[in-house]
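The values are calculated or read from the model by the stated rules, or taken from the named source; none is laboratory data. What you are looking at is a predicted structure, and each value in this text was computed from that prediction instead of being measured. Virtual Cβ from ideal backbone geometry, glycine too; neighbours counted across all protein chains shown.
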Amino acid sequence: MKIEKIDLYPVSVPYKLIEKSSRVYRSGVSDIIIKITTDNGIVGWGEATRTASAKVIFQTLESMKPILINRNPWQNLEHENNIYNEALWHWSPITANLAYGGIDMALWDIYGKETNKPIYELLGGSLRNQINYFYYLTWTNIENLAEQCQDGVSKGYDVFYLKIGKDQEIEEKMIKTVRETIGPNKKIRLDTNMSWNIPQARKLINKWNEKYSIDFVEAPIPIEPLSQMIELNNKVSSSLCVNEGLWKENEFIDIINSRCGDYLCCSHYYVGTIRKFLHLAYLSNYMGWMICKHTHGELGLTAAIGQHLMLVIPNACDGHQQTAQNMVDDILTEPIPINSQPNWNKIEKPGLGVDVDEEKVLFYNKKFLDEGEFLPYGDSFKY
């Protein structure tokens, strides 16, 4: 069995509502869809996500293709070694991880399809029957925010997620609106995208946690130097969630050992492979951390592999991140369950367990080529 062909399709799929925060202004998802075909006709699908530019990830994937063609897809460790060490991609780990994370996903899709097993079974089996996801509150105005909260409550969501970090007076009104609308028992999570300093974070986290009961605050301050996050963690009443600084294994391990929070918000593409992610997830569990699946915008393939991984790790929390509810469309034949509800049951079909609509891939590939990618920044916005 050999890898015969690798096709790459950069795609742009729009959001229903623009994603706004202190760091991003994004109108949709631009990722690279990867199709790996073997000489016996098995097709594995992957999705490479991006941070700054999908075009950079596309070029990175193009450079990786010759290393994989005519190789046995099952030689996973050999591929990883050839990419990172022989081809020197260890010098650019973040870019390499985002790109190779999509290839690794497609390879595991092949493994599942050849063995007729869902990926979570290949990883040792599921520890739970379903995974719970948050409701992503997209900011427009106070009235619309309340409507979104009402929609989430009516659909059964228990965790509500809000990006903040620009104007604390307006944001307090937003948080107040969320709490009043969803009631006292559901969870509010905040993400500042590292926009505060220690005095601001200490003051606002303690104030808002006392008034509105905040489950955790993600990335309240820059993760470097790590000593600042450790200091802040000792001065606030709400749990902290680390999102940045998890792109290299050594830095990931430093954060785990520091115990500078209670939650790690990350995904397999942070470290490039499913194998590495699982190693770090088990280490973090040993050190008392919970894992929350991260997304900075994803389509159904990345959502599916995240579902498999959250089924198997011991320290998966509730309220995992997703953008499915805000997507105008996807590149799959059917919407994934979290398109309109908070829970996703075990996937029973082989591999990733979702089917790609190749006509949609070509349609959104043309949109990318004709209109460009959805960059993570846009016109500055005002509350």
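Observations
- Among (1) farther than 17 Å from Asn365 by Cβ; (2) assigned to a strand (DSSP E or B) - the single one Thr51 does not satisfy: (2)
- Leading residue by the ranking (modelled with the highest pLDDT) among those in region 43-60 that are surrounded by 18 or more Cβ atoms within 10 Å (Cβ to Cβ) and more than 17 Å from Thr273 (Cα to Cα): Phe58
- Test result for Thr192, over 19 Å from Cys241 (Cβ atoms) and buried (at least 16 other Cβ atoms within 10 Å of the Cβ): no
- Of residues in region 195-228 being closer than 20 Å to Asp318 by Cβ and not acidic (Asp, Glu), the one surrounded by the fewest Cβ atoms within 10 Å (Cβ to Cβ): Ser213
- Flag for Glu62 being free of Cβ contacts under 8 Å to residues at least 24 places away in the same chain, acidic (Asp, Glu) and either over 23 Å from Thr295 (Cβ atoms) or outside the structural domain of Asp330 (by TED's automatic domain parsing) (or both): no
- Single residue of Leu122, Leu145, Leu107 found to be touching a residue at least 60 places away in the same chain (Cβ under 8 Å) and over 18 Å from the mean Cα position of the chain (by Cα): Leu107
- Residue, nearest to Gly351 (Cα to Cα), within region 65-91, restricted to residues that are part of a loop (DSSP other than H, G, I, E, B) and free of Cβ contacts under 8 Å to residues at least 24 places away in the same chain: Gln75
- Filter result for Trp89 (under 20 Å from the mean Cα position of the chain (by Cα), of a type in the set (Phe, Trp, Tyr) and not assigned by TED's automatic domain parsing to the domain that holds Ile170): no
- Hey, Leu17 in contact with a Leu (Cβ under 6 Å, 6 or more places away or on another chain), among the hydrophobic types (A, V, I, L, M, F, W, C), outside any loop (DSSP other than H, G, I, E, B) and closer than 24 Å to Ala304 by Cβ or not: no
Okay, residues lined up against (1) of a type in the set (Val, Ile, Thr); (2) loosely packed, with under 15 Cβ neighbours inside 10 Å; (3) in the same structural domain as Leu299 (by TED's automatic domain parsing):
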site	(1), (2), (3)
Ile33	yes, no, no
Gly41	no, yes, no
Asn82	no, no, no
Ala96	no, no, no
Tyr111	no, no, no
Glu114	no, no, no
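- Condition met for Val354 (part of a helix (DSSP H, G or I) and closer than 16 Å to Gly46 by Cβ): no
- Put simply, of Leu283, Leu311, Leu278 the only residue that is among the aliphatic types (A, V, I, L, M), buried (at least 18 other Cβ atoms within 10 Å of the Cβ), farther than 18 Å from Tyr15 by Cα and over 13 Å from the mean Cα position of the chain (by Cα) is Leu311.
- Scanning region 5-26 for residues that are of a type in the set (S, T, N, Q) and surrounded by fewer than 21 Cβ atoms within 10 Å (Cβ to Cβ) returns Ser21, Ser22.
- Residue within region 362-374 that is among the aromatic types (Phe, Trp, Tyr) and free of Cβ contacts under 8 Å to residues at least 60 places away in the same chain present: yes
- For region 314-348, a residue qualifies if it is surrounded by fewer than 17 Cβ atoms within 10 Å (Cβ to Cβ) and not in a loop (DSSP other than H, G, I, E, B), and the qualifying residues are Asn343, Asn345.
- Here Ala146 clears all of (1) in the same structural domain as Arg26 (by TED's automatic domain parsing); (2) part of a helix (DSSP H, G or I) except the condition numbered (1).
- Test: residue in region 137-156 that is within 27 Å of Ile34 (Cα to Cα), surrounded by fewer than 19 Cβ atoms within 10 Å (Cβ to Cβ) and touching a helix residue (DSSP H, G or I) at 6+ places or on another chain (Cβ under 7 Å): no
- Within region 356-377, the set of residues being surrounded by 13 or more Cβ atoms within 10 Å (Cβ to Cβ), at pLDDT below 95 and aromatic (Phe, Trp, Tyr) comprises just one member, Phe374.
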